[in-house]
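Before any comments, here is the structure.
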């Protein structure tokens, strides 16, 4: 279980997450970054501090983060390309060699400042460098604030599939500040909302209804609505990973839509979709598959698809065969003895894994999903090549 504490006087929440390395805190709320140096000081003394980020992220939030960390008189900044296509072992080598040149040692601290790619790559670098140095996450995208910074998953992609090389490496602290989302593009923000919808589908029917009612406020980034939404999602993710850190059971529900999504990313060489966009398509396909198997009622599928469509147009479904997508799915981490496994939702607020899904049902879904969506209204944008 996770423990939630209100931090006064600044309307922040401290959420404790249980992990194999010991509990760690997620401090969530507007203005959290201004408490960064105080929170990090509570972790102990470090020989040096090393911030890992990307040029784009550092240009947008670097000054705020430096002020919060009080790095004006110390600390090294290490920047790398945070495109999904650069989420690979070459980037890990680049970061760890940069840490070497900066004199990092086993008593150093790595602070990952950025979105999911930065967190995953910097986290794996921290887990690997000198067999592990302390890690703090400062997530700067919606998807990283509500999902990827929590739970200790780190890793990189291979040409054969997504996140196939990595480690479970819990951070010592996560600092989640909605104010850091101000410079986020609409595309990145809407992609992050896909993970919010995912949490609602698999674990929180009440939040799903709230999203249906207040999506316009959410899309406008209404501050109070967004603060509430982020805090609620952090609690969902923290609760799940505290009960199942290494994805041996319950945590698999957080992969709803991801078997499809990872295949879409892989066949397009990680260049077409932001992760949340692929997840949006993947959740639509998962809803259709649930209906195809008689698990998910038509009205539930309709609600899921309708809410996802309100995020706006997505990069088009690729013009590749169902056979090619099935091949990409076989490299998914959840595959066991060559058998594909899918997370499906029988009703809003609940989900579980299934490993007896007939391939012909998956092929039908892969064939008809883009056609059904295109026929019923414009969800995709751009060409299908």
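How far, in degrees from 0 to 90, does helix 186-203 lean away from the longest principal axis of the Cα atoms of the chain, to the nearest 10?
For 186-203 against the chain, the angle is about 70 degrees.
Which distance in nm do the two modelled labels at residue 183 and residue 367 give, with both placed 7 Å along the Cα-to-Cβ direction?
4.9
Go ahead and estimate [θ] at 222 nm for the chain from helices alone: -39,500 (n - 2.57) per DSSP H run with n ≥ 4, summed, over the residue count, rounded to 500.
-14000 deg cm²/dmol
Specify the angular offset, from 0 to 90 degrees and rounded to the nearest 10, of the alpha carbon long axis of helix 223-243 from the longest principal axis of the alpha carbons in the chain.
Tilt relative to the chain: about 90 degrees.
Could you compute the FRET efficiency for residue 326 and residue 14, with r as their C-beta to C-beta distance and R0 at 35 Å, rounded to 0.05?
Approximately 0.20, to the nearest 0.05.
Rounded to the nearest 5, what % of the DSSP beta bridges within region 3-181 are antiparallel ones?
45
Give the Rg (one decimal place) followed by the Dmax (whole number) of the chain, computed from C-alpha coordinates and expressed in Å.
For the chain, the Cα radius of gyration and maximum Cα-Cα distance read 20.1, 62 Å.
Can you give the angle from 0 to 90° between the axis of helix 275-292 and the longest principal axis of the chain, with both taken from C-alpha atoms, to the nearest 10?
30
Grab every C-alpha pair in region 208-381, bin the distances at 5 angstrom width from 0 up to the longest one, and report whole percents.
So the P(r) values, bin by bin, are 1, 8, 16, 20, 21, 17, 10, 4, 1, 0.
Once you wrap a convex hull around the alpha carbon atoms of region 3-181, what is its projected area averaged over all directions, in nm²?
Over all viewing directions, region 3-181 projects a mean Cα-hull area of 9.4 nm².
Going by how many other beta carbons lie within 10 Å of each one, how would you line up 211, 99, fewest first?
Listed from fewest to most nearby Cβ atoms, that is 211, 99.
If you build the convex hull over the alpha carbons only and average its shadow over all orientations, what do you get for region 44-149? Give it in nm² to one decimal.
Over all viewing directions, region 44-149 projects a mean Cα-hull area of 6.3 nm².
Highest mean first, what order results for 59-71, 146-158, 162-174, 351-363 on Cβ atoms within 10 Å?
Highest to lowest by the protection proxy: 146-158, 162-174, 59-71, 351-363.
For the chain, give me the percentage of DSSP beta bridges that are antiparallel, rounded to the nearest 5 percent.
Of the beta bridges lying entirely in the chain, close to 50 percent run antiparallel.
Hey, could you pull the Cα Rg and Dmax for region 132-208, both in Å?
For region 132-208, the Cα radius of gyration and maximum Cα-Cα distance read 14.1, 40 Å.
How much length is gained on full extension from residue 63 to residue 350, taking 0.36 nm per residue of separation minus their Cα-Cα distance?
Working it through step by step, the gained length comes to 99.2 nm.
Remind me, what semi-axes does region 132-272 give for its equivalent ellipsoid, largest first in whole Å, using sqrt of 5 times each Cα gyration tensor eigenvalue?
Semi-axis lengths for region 132-272 are 24, 18, 17 Å.
Quick note: the coordinates plus some simple rules give every number you see, no bench work behind them. Just so you know, these numbers come straight off a predicted model, no measurement behind them. Heads up, the Cβs are rebuilt from the backbone with ideal geometry, glycines too, and the neighbour counts pull from every protein chain shown.
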